[in-house]
Amino acid sequence: MRDPLMSRTTTSRARSTTDLSRITLGPVDTGAYVIRLRGPQLSDAALWREIRLRDRRWIEPYSISSPLAWERRHTARRWARECMVAWADMRAGRRYSAVIEVDGEFAGQAEFYVVDTASRTVEFSGWIDSRWAGRRVMVQISAMVVQYLFTSLGVTRIIAPIAPDNEAAVRCVRSLGFRREATMALSFDAGGAPRDHALWALTPADVPAGGYPGIETSAVRQSATPPAPPRATGGPSPAVVATAATRLLAWRIWHRLRWRPRIDPVSLTVPHHPAVVVHTLTPTRRRRTPRSPAGLILVLRVDGRYAGGFRFYDPELPGHALGLYSWADPGLATVDVRAAALRAVVDYGFTTLGLRRISAEIPTGDPVAPAVAAAAHFTREGVLRDHCGPTGLRTDHALWATTAPTPDEGGS
């Protein structure tokens, strides 16, 4: 029998090989304005900076936290770096990063990130110049992207993490048929602190059969050859671009070569269950110890017998969480034993591995795992529809999660 711990979670998630830099969406004339999605150019730097600085109070609360001041995050060099990363990602098929043009002028950004080609899942996000807010520009842009993803790329699930108080974004996705599936506790660092985010999702079944009334979604073009490299006219100086490229290359080299401490072998005792132990795989089963919690496997033993195990993995979900998949032989491990062992593993994840959030994706038909998760102090956050879970099973999954205790709360 195949060990459930050695399933899909042991392999890295596949990425698209489609060159997304070839894609252009639009132009579309709505009667009130003409909109288009196109790749970023170095010459966009000035308008990008102007809008982002002017609209800081609306954008910053929902942007990824950074130790840099807002002004330093929006320099010509930062834009040059952003362009270079976007061009590389699009050529590699990892994401599509686009500039929103309204009447021929830079007005925001939109992108989708290829989460996994096997499950055909992407994550979508974007922002718009406040001068165009409330005029359905973002709705039109989002509908065009949705149509392209479902009809041209064969995507079957689009996800969008949104802060619950981001009312404009919520109105946009709701108008397109996205459904709120879960509220993920402390899943993102945004605006300078960990924040809850709602997970919204869209499948082809959620889109009206006749399309979106009053929204043009058919103007999609894909060029036969890659576009010429964007020209720097009006953008950062060659010296600034060269500096950005050098620093980006240095960062990538450092990221590849930096020393990552190996995770030491561990044997966890389980309180109130002296016959139960959880430990890392022995050298005979794993020749190398992992350097990241993602991929770490722990074995569950009861009275010295193999009874199941746990595996940390990178989930198909946005945010700063690590997934935890568990399996046990019901003949050797009762719900109480499994829950106690799971609590020991979670405590180890928070105290030793330094994790902040641990999630579990459980098929809705599983008769035991929800009881184990609840007894281990996980909270049920929602249901992920038509979701590809850690074993590769595509079905509805309940999302359960727990977060590290704050200093005031003490240990779990």
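Could you sort Glu316, Glu50 by their accessible area in this structure, using a 1.4 Å probe and putting the largest first?
Glu50, Glu316
What does the C-alpha gyration tensor say about the overall shape of the range 36-108? Classify as rounded when a/c is under 1.5, otherwise prolate if a/b is larger than b/c, or oblate. It comes out oblate by the Cα gyration axes.
Note down the accessible area of Val155, probe 1.4 Å, to the nearest 10 Å². Counting only protein heavy atoms, Val155 exposes about 10 Å² to solvent.
Distance between the C-alpha centres of the range 170-211 and the range 30-105: 22 Å, rounded to the whole angstrom. From the Cα gyration tensor of the range 91-151, with a ≥ b ≥ c the square roots of its eigenvalues, which class applies: rounded if a/c is under 1.5, or else prolate if a/b is larger than b/c, or else oblate? Since a/c reaches 1.5 and a/b is larger than b/c, the shape of the range 91-151 is classed as prolate.
So between Leu68 and Ala374, what do we pick up on full extension, going 0.36 nm a residue minus the alpha carbon distance? Kindly include the intermediate steps, with their values, before the conclusion.
Numbers: separation 306, 0.36 × 306 = 110.16 nm, distance 3.95 nm.
Gain in length upon complete extension: 106.2 nm.
Each label was represented as a point 7 Å from its Cα along the Cα-to-Cβ direction; for Thr246 and Val335 these points are 6.4 nm apart.
Summarising the amide proton neighbourhood of Leu355: residues at separation of 5 or more, or on other chains, whose placed amide H is nearer than 5 Å comprise Phe350. Scaling the Cα radius of gyration of the range 281-383 by the globular reference 2.2 N^0.38 Å produces a ratio of 1.07. Normalised by 2.2 N^0.38 Å, where N is the number of residues, the alpha-carbon radius of gyration of the range 33-189 equals 1.03. The peptide list 389-396, 317-324, put in order of mean Cβ contacts within 10 Å with the highest first, becomes 317-324, 389-396.
What FRET efficiency, computed as 1/(1 + (r/R0)^6) with R0 = 41 Å and r the Cβ-Cβ distance, is obtained for Ser237 and Arg131, rounded to the nearest 0.05?
Calculated transfer efficiency: 0.90.
Accessible surface calculations at 1.4 Å, restricted to protein heavy atoms, place the range 299-412 at 41 Å² per residue.
Label positions at Thr24 and Thr406, each projected 7 Å from the Cα along the C-beta direction, are separated by 5.1 nm.
The values are calculated or read from the model by the stated rules, or taken from the named source; none is laboratory data. All figures in this text were calculated on a predicted structure; none of them were measured in a lab. Cβ sites come from the backbone with ideal geometry, for glycine too, and all protein chains shown count toward neighbours. Each accessible area value is taken on the protein alone, full model and side chains, heavy atoms only, with ligands, DNA and RNA left out. Shrake-Rupley method; radii C 1.70, N 1.55, O 1.52, S 1.80 Å.
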